[in-house]
Amino acid sequence: MKETKQKERKLSEAELKRKVKFEQLTDKLVAEGYTPNHITMTALEANMYAVVAALPFIILLVLAYVLVVKELSFNMKDFWIAYFLFIVFVVVHELIHGVTWVMFCEDRFKSISFGFIKEYLTPYCTCSQPMKKYQILIGSLMPTIILGFILGVVSILTSSQMLLIVSVLNILGGGGDLMVTFKLLKYKSPSKDTLFIDHPYEIGTAVFEK
C-alpha cells in the first residue's frame, strides 16, 4: 500500500522530537524485516471527512431520540450549555484516548503525548508504542463511544435535549477518529506479524508488516 501524500506543514518542537524517535524506530523495525505502510490523513482532510463519517450515526441517534421521546425542539439555552460542555469535552476526548492506550503500553504514560495543531485548531493525543490492531482501534474509538454514543443513549433515557446536542457534537468531533477506524478496518494485512503505531505527527496509523 502506498503512503498517503500529505501537504507539508511546519512541525512543532515536540512533533520534531517524536519524528526523530519514530524514524529511529522505523529503521530498527525495517532492519528486523518489517515493511512500513502509512494510513494517514492531514488535519484538514480529517476535519473535512469528519462530517461524512459522523453524519449517519448522528441521523440514527436523532431519529432514535424522536421515536422514543416523541419531542424535539430547538432551545438556545440548551444549545449554549451543550456547546460549553462540548468545549470541555474536547480535552476529555484526548484524555480518554491516552488513558485507553495506556492500558496496552508497557511504558504507561511515558508512551503518551498530547498536543495542539494550531493551523487547524486541532488537539491530539498520540501513542508511540507498537500495538495490535484491536488495541489501536479501541483507543481510537473510545472517546466517541463514551462521549458520543453512550451519552446519546443517556439523553434518550433521560429525555434530555441538551445531552442529545452534546452527544451529537461529540460524534461530529470524533469524525476524524471514525475515518481512521474505517481505513484500518478496510486495511487487510497479508502478514500475521503486523504492528500498528499511532502516527506521531499525522492523523492516522503506521503499519509495519513482516
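General observations
- Span-like helix ranges in the chain, DSSP H, alpha carbon extent 15 angstrom or more, Kyte mean at least 1.6: 43-69, 161-173
- Extension gain (nm, one decimal) between I87 and E32, 0.36 nm per residue minus Cα-Cα: 15.4 nm
- Rh by Kirkwood over Cα pairs, then Stokes-Einstein D for the stretch 1-143 at 0.890 mPa s and 25 °C, µm²/s: 135
- Surface accessible to a 1.4 Å probe, per residue, for the residues of the stretch 154-210, Å²: 40
- Between the stretch 9-41 and the stretch 76-139, the Cα center-to-center distance that results, in Å: 20
- Near T205, the amide H atoms lying under 5 Å from its own belong to I39, T40, H199; only residues 5 or more places off or on other chains count, and H is placed 1.01 Å from N.
- Shape call, the stretch 98-169: gyration tensor on alpha carbons, a/c limit 1.5: oblate
- Rounded if a/c under 1.5, otherwise prolate or oblate - the stretch 56-112, Cα gyration tensor axes: oblate
- Between the beta carbons of N75 and V52, assuming R0 = 22 Å, the FRET efficiency works out to 0.20 to the nearest 0.05.
- Accessible area of the stretch 91-203 belonging to carbon and sulfur atoms, whole % at 1.4 Å probe: 67
- Per residue, the average separation of C-alpha pairs within less than 8 Å and at least 6 apart gives the chain a relative contact order of 33 percent.
- V69 accessible area, assembled protein chains, probe 1.4 Å, Å²: 30
The values are calculated or read from the model by the stated rules, or taken from the named source; none is laboratory data. Since the structure is predicted, the reported quantities are computational estimates derived from the model, not experimental observations. When we count neighbours, we look across all protein chains shown, and the Cβ atoms used for this are built from the backbone with ideal geometry, even at glycine. Side chains are part of the model used for accessible areas, which takes the heavy atoms of the whole protein and leaves out ligands, DNA and RNA. Shrake-Rupley method; radii C 1.70, N 1.55, O 1.52, S 1.80 Å.
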